[in-house]
Amino acid sequence: MSSSYEARFKVWRGDIQGGDLEDFTVEVNDGEVVLDIVHRLQATQAPDLAVRWNCKAGKCGSCSAEINGRPRLMCMTRMSVFTREETITVTPLRTFPVIRDLVTDVGFNYQKAREVPAFVPPEGVGPGEYRMFQEDVDRSQEFRKCIECFLCQDTCHVVRDHEENKQAFAGPRFLMRVAELDMHPLDAAAESGLDRKATAQDEHGLGYCNITKCCTEVCPEHIKITDNALIPLKERAVDRKYDPLVWLGSKIGRRSK
Amino acid sequence: MATGTEPHLNSGGVRSPARAAIAAPHLRTDRWWLAPAATAAGLFAFVVYSTWRAFANADYYAAPYVSPFYSPCLARNCREMAGGPNADLFGGWWGISPAIIILIFPLGFRLTCYYYRKAYYRGFWASPPACAVAEPHKKYTGETRFPLILQNVHRYFFYAALLVAGTLTYDTVLTFRDSQHRWGHMGLGTLVFLLNIVLIWAYTLSCHSCRHIVGGKLKHFSQHPVRYRAWQFVGRLNARHMLLAWASLVSVALADFYVYLVASGVFDDPRFF
Amino acid sequence: MSVVDRQEWDVVVVGAGGAGLRAAIEARERGARTAVICKSLFGKAHTVMAEGGIAAAMGNVNSGDNWQVHFRDTMRGGKFLNQWRMAELHAREAPDRVWELETWGALFDRTKDGRISQRNFGGHEYPRLAHVGDRTGLELIRTLQQKIVALQQEDHRETGDYESRLKVFQECTVTRVLKDGSRVSGVFAYERESGRFFVLEAPSVVVATGGIGKSFKVTSNSWEYTGDGHALALLAGAPLLNMEFVQFHPTGMVWPPSVKGILVTESVRGDGGVLRNSEGKRFMFDYIPDVFKEKYAESEEEGDRWYEDPDHNRRPPELLPRDEVARAINSEVKAGRGSPHGGVFLDVSTRMPAEVIRRRLPSMYHQFKELADVDITAEAMEVGPTCHYVMGGIAVDSDTAAARGVPGLFAAGEVAGGMHGSNRLGGNSLSDLLVFGRRAGLHAAEYAAGLTSARPPVDDAEADAAAAEALRPFSAEGPAPGQEPGRPPENPYTLHQELQQAMNDLVGIIRREGEMEQALERLADLRVRARRAGVEGHRQFNPGWHLALDLRNMLLVSECVARAALERTESRGGHTREDHPEMDRTWRNVNLLCRLADPVGDPAAGDPARGQITLTRETTEPVRPDLLALFEKEELVKYLPEEEL
């Protein structure tokens, strides 16, 4: 197999004023990924083509885009998964406002990150005195593999197809953050009067999730977002809000206090 | 491919004003419609079949086999099944097929199941039809309000499903009889029932609510080693929840169909001993 | 001009990696209004790439560990060139910095009794690295990021504004540290998104921008590593220390091109991987230096037995120190016995069953499978040395992290020099970030609070000059003053590639006097051409423009590396001279300092062929006696000249 060929690309170029898919023919060499091709376009044909990237090894989550309509990391999409005849379409993430070319304004995610109350350290346990067991940290550790590429936020139809839901819905990444903290063995939110289980639904929009699993499908870290974070969080919310026994227990508990 | 050259008027979703001006609702080039279409077709086929069988009110018992659709049988109009799952809780006023009474529970269990929800939201409701494919609805509130907020009762259907699975286990034990109700026999139907009950249990126990109740709700596994083990076991099953959901759906229909064939006299149950 | 937006802050932190974020947290907690500026999105800094762990003598796995042992290991690793007070502070404070992360929500891997697990690593006497699988850097950055958010939530509760006391300016680049006389007065920056200029007025600036790897062709570093902080400090009048020490990791991926330089972890060799040349020979047996002869296996059979029975056999030479292995690979490739893509073969596929490989090296298995489509259980990897880390950096005061000679300027992390001497131990970088990030933030806040008189004002002319400098690439079409007209502008991407090639070939892992002189000539030529680097389009998110601006920094830093490497006529740690292959004790107490030759002028103006850097020597302060007493005399004589003993 010859190692080099010319591939046809369509890359969205433009900004908030408008834009279009632009055609390129560009050299592709053996072993390259889509991000390499975008870099070649920059170096040879379109020096001002805007793209975000960093580590180029699937660890920082910067180069998120949509390739042939699917949310992917450009650095983790090998050219060998396409046929040579195929035209490869690269567009910016379509859930967030576009800034320029392949770069979008992902500020939504940073705003949502701020709305999730931080880890609450347990009282009376000093630095160095934390004792946690591996089986107790496993679950939250899985969620902390998240590289914040925001592909799950991009693909989630709750906000992708319904701009108006952005206000009420934190998105899979930040609901997973709520789950991570609720499962953290030493998080003392409950003691401080913060019920993460109930607020997941009341304040972060857990109810909008209809568990259609696109977040899990696109996750480059292969985190089981739906099965291990969102559904368990829904069950925890049920404990708080729809379980008559628990409800009764909490009523009695509150009265006896 | 048609693309916009200026920002769209507010047509919503991926074509909202601030987003990249691309007219196509999606740019996927693969056969993304295949999975939801297959899901919808499969579920539809089962609904048609089960509706027919549930309302048929006939051919559901061929000693020693009782159709899982009619077990337990809770009305007076049930056929007398020797040693079988008869329990006249409803009395004589119930006029239509007794299957309707009991099917509510397994049906509710599956209807509120986290896997089936995904399947029919995608397959029937196109919400979304596939990942990154725009859904056709103007508004979306998910499971935040009536009626879909009722999906939260899944765990109560799970409890009911445990009872149903228990009854079906009892029915499977009964298949070790012959048509004269003598113990120590086996036929082809016994194998069908065995396969079905294994899949029913596997599906029921792999339920997300079960995983939560067994141990998922705990904050410190290290303080509950037994429940931790149970949680891990359920977790391994849970990873195959979709597979088990389909397998048990097919097997329960198969078990019913087998009873139908024998009861309606299409063929005789081959006996091993 | 001077229409640029201005804001006032107490402390400005440049860089949002581990050191920058730790500094910002500390400064904010000390009451300073703190701004962080970073080139990427918040939370994407290169720190996420760190895999191994954070070195801290907590003694959780082996209670024999303590700060003195850690100090000793660090000094040995750095071949005694370390700024010893930094090494001491680092070893003493690292455990507290790790424990503190837990109180901010970090989840490290655990020991059986519930404490932070620690792993072995090269050069560390005891298991010492706190870790989370092989993604410790991600855990570190995420924890610090979430701590910053926590502080912002606190401020929001009090003031109704998340950013009232701590703000992150993401995707912004600082091009100049501004000064009032000798003192820092602020920074000049632009937003990458819009190209808009702005000035942050602040008496304290903490530089925490990381390394310089992007000046080399093959590197494990990301695009951000263009030596910005080094250059900012130089331009502000602060000296750089020992810039010749650059760590090359022996095993980076060389193929496919998309992943060239990405690390292949040391544990591949530790678990049985062997290096072969194109003739299939395990060449490392030919490269065991005399001083290591007794410690390494002489036959393949013996080497292979070591994995099972390390007590009765000597280790295979694949496990020689990083610099030895890197040099050997280099020699094989130069001798024409390299792999098709210019590396050598690292093979585990014929050494272990596929199942074992997948279990022991899961991340490497996936890295090759997903990035290169190579199944390491079936075929050999191609590897070669890759530029990994710069030990040199801004010369700082050990206790306060204050840059020398520029009041108000502080530096922490990879951009600061001294801590690691001539060679850094694995795991010491993350702890370095935390210890000195905190110190920089602390002292920057104190310095800002302690200014009794008026704050240093930002001079309009200086801001205007910075703006003009930043805009130059857009007007590069016209001939520069004194140049013949009619030549087209230079493509910044081409210039960058040529710079990387020159540094890689001529000031790379093995250095020779003639080649380095040649490198300085090439750099001079590139500097002339870089003045004509032009860009198309406009200022909004224009990567060509960004690169054209970063070129200034890479050229400055590259010249420092080349000049210092030419000057130091010995081989030590990350600096290997073919013409001076031995470590020389008389160089032990010599620091090389780089300064800007013409501190007032614009580096792009003036005669570009003349060097921009002047080099001075300085004798280091003797190691404190009680610290020296931690070592055996026999060991010290290998490193220290007679008069120091």
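Summary of computed values
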| quantity | calculated |
| --- | --- |
| Relative contact order (%) - criterion: Cα under 8 Å, at least six apart; region: chain A | 16 |
| Kirkwood hydrodynamic radius of chain C, from inverse mean 1/r over distinct Cα pairs, in Å | 25.2 |
| Rg/Rg_ref, chain A, where Rg_ref = 2.2 N^0.38 Å and atoms are Cα | 1.21 |
| Violating pairs (Cα-Cα greater than 28 angstrom) within the set B:Lys217/C:Lys112; C:Lys79/C:Lys293; B:Lys139/B:Lys219; A:Lys213/C:Lys167 | B:Lys139/B:Lys219; A:Lys213/C:Lys167 |
| Built amide H within the under 5 Å cut-off of C:Arg315, gap 5+ | C:Ala297 |
| Per-residue mean of C-beta atoms belonging to partner chains within 10 Å, peptide A:89-97 | 5 |
| Among B:Thr175, A:Ile37, C:Val435 the positive-end extreme of the charge dipole of the protein assembly as shown (Cβ point charges) | B:Thr175 |
| Kirkwood estimate for chain B, i.e. one over the average of 1/r between Cα atoms, Å | 21.4 |
| Value of Rg to Rh for the stretch A:4-104 (Rh from inverse mean 1/r over Cα pairs, i.e. Kirkwood) | 0.93 |
| Stokes-Einstein diffusion coefficient of the stretch C:66-143, Kirkwood radius over Cα pairs, 10 °C, 1.306 mPa s, in µm²/s | 118 |
| Reachable lysines, given that their alpha-carbon falls under 26 Å from the alpha-carbon of C:Lys217 and they are not under 8 places away in the same chain | A:Lys56, A:Lys59, C:Lys39, C:Lys44, C:Lys260, C:Lys334, C:Lys369 |
| Free-standing Cys residues across chain A, given no other cysteine C-beta under 4.7 angstrom | A:Cys63, A:Cys75, A:Cys146, A:Cys149, A:Cys156, A:Cys209, A:Cys219 |
| Cα-based reach from C:Lys638 at 17 Å (exclusive), listing aspartates and glutamates while leaving out same-chain residues under 8 positions away | C:Asp73, C:Asp290, C:Glu570, C:Glu582, C:Asp584 |
| Ellipsoid semi-axes in whole angstrom, largest first, where each is sqrt(5λ) of the Cα gyration tensor of the protein assembly as shown | 59, 34, 30 |
| Size of electric dipole in the stretch C:495-625: Cβ of Lys, Arg +1 and of Asp, Glu -1, about Cα centre, debye, nearest 20 | 360 |
| Cysteines (scope chain C) whose Cβ has no counterpart Cys Cβ under 4.7 Å | C:Cys38, C:Cys172, C:Cys387 |
| Highest to lowest packing among A:131-142, B:24-35, scored as the average C-beta count within 10 Å | A:131-142, B:24-35 |
| Spin-label model distance (nm) - C:Ala597 vs B:Glu80, 7 Å beyond Cα toward Cβ | 11.4 |
| From phi via Karplus (6.51, -1.76, 1.60), per-residue ³J(HN,Hα) for the stretch A:46-51 in Hz, x at Gly/Pro | 9, x, 9, 5, 7, 8 |
| Dipole of the protein assembly as shown, positive end: most advanced residue of A:His162, C:Ala202, C:Leu263 [Cβ charges, Cα centre] | A:His162 |
| Projected-area mean, the stretch B:82-150, by convex hull of Cα positions, square nanometres | 7.6 |
| Relative contact order computed over the stretch C:146-210 (Cα-Cα under 8 Å; 6+ residues apart), in percent | 20 |
| Gap separating the Cα centres of the stretch A:60-99 and the stretch C:18-88, nearest whole Å | 36 |
| In order through the stretch B:173-180: 3J(HN,Hα) via Karplus (6.51 cos²θ - 1.76 cosθ + 1.60), integer Hz, x for Gly, Pro | 4, 4, 6, 8, 10, 9, 5, 9 |
| Highest-MSF residue in chain A out of A:Gly171, A:Gly205, A:Gly193 [GNM, Cα springs under 10 Å] | A:Gly193 |
| Shielding of A:34-40 by partner chains, average beta-carbon count, 10 Å | 2 |
| Projected area, mean over directions - the stretch C:495-625, Cα convex hull, nm² | 10.2 |
| Coordinate range along principal axes, alpha carbons of the stretch A:1-53, Å, largest first | 43, 21, 16 |
| GNM result for chain A, Cα springs below 10 Å: residue of A:Gly128, A:Gly69, A:Gly18 fluctuating most strongly | A:Gly128 |
| Cross-link partners of A:Lys112 among aspartates and glutamates (Cα-Cα below 14 Å; sequence separation of 8 or more within a chain) | A:Glu148, A:Asp154, A:Glu203 |
| Length-normalised contact order for chain C - Cα pairs under 8 Å, 6+ apart - percent | 20 |
| Distance cut-off 20 Å, percentage of C-alpha pairs in the stretch A:107-256 lying past it | 51 |
| Gaussian network model of chain A, springs between alpha carbon atoms under 10 Å - residue of A:Gln167, A:Gln201, A:Gln153 with greatest fluctuation | A:Gln167 |
| Positive-end residue of C:His90, C:Asn66, C:Phe188, charge dipole of chain C with Cβ unit charges | C:Phe188 |
| Cα-centre dipole for the protein assembly as shown with unit charges at Cβ (Lys and Arg positive, Asp and Glu negative), debye to 20 | 3760 |
| Cβ-based exposure ranking for A:Met176, B:Met186, C:Met75, C:Met516, in which fewest neighbours within 10 Å come first | B:Met186, C:Met516, C:Met75, A:Met176 |
| Kirkwood Rh in Å, taken over the stretch B:211-258 so that all alpha-carbon pairs contribute | 12.3 |
| Efficiency of FRET from Cβ geometry, B:Ala37 and B:Phe105, R₀ 22 Å, rounded to 0.05 | 0.15 |
| Inter-chain shielding of C:256-264 (mean C-beta neighbours from other protein chains, 10 Å cut-off) | 5 |
| Estimated dipole of the stretch C:1-135 in Debye, rounded to 20 [Cβ of Lys and Arg +1, of Asp and Glu -1, Cα centre] | 220 |
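Values quoted throughout were computed directly from the atomic coordinates according to the rules given, and no laboratory measurement underlies them. Quick caveat: nothing in here was measured; it's all calculated off a predicted structure. All Cβ positions, glycine included, derive from the backbone under ideal geometry; neighbour counts span all protein chains shown.
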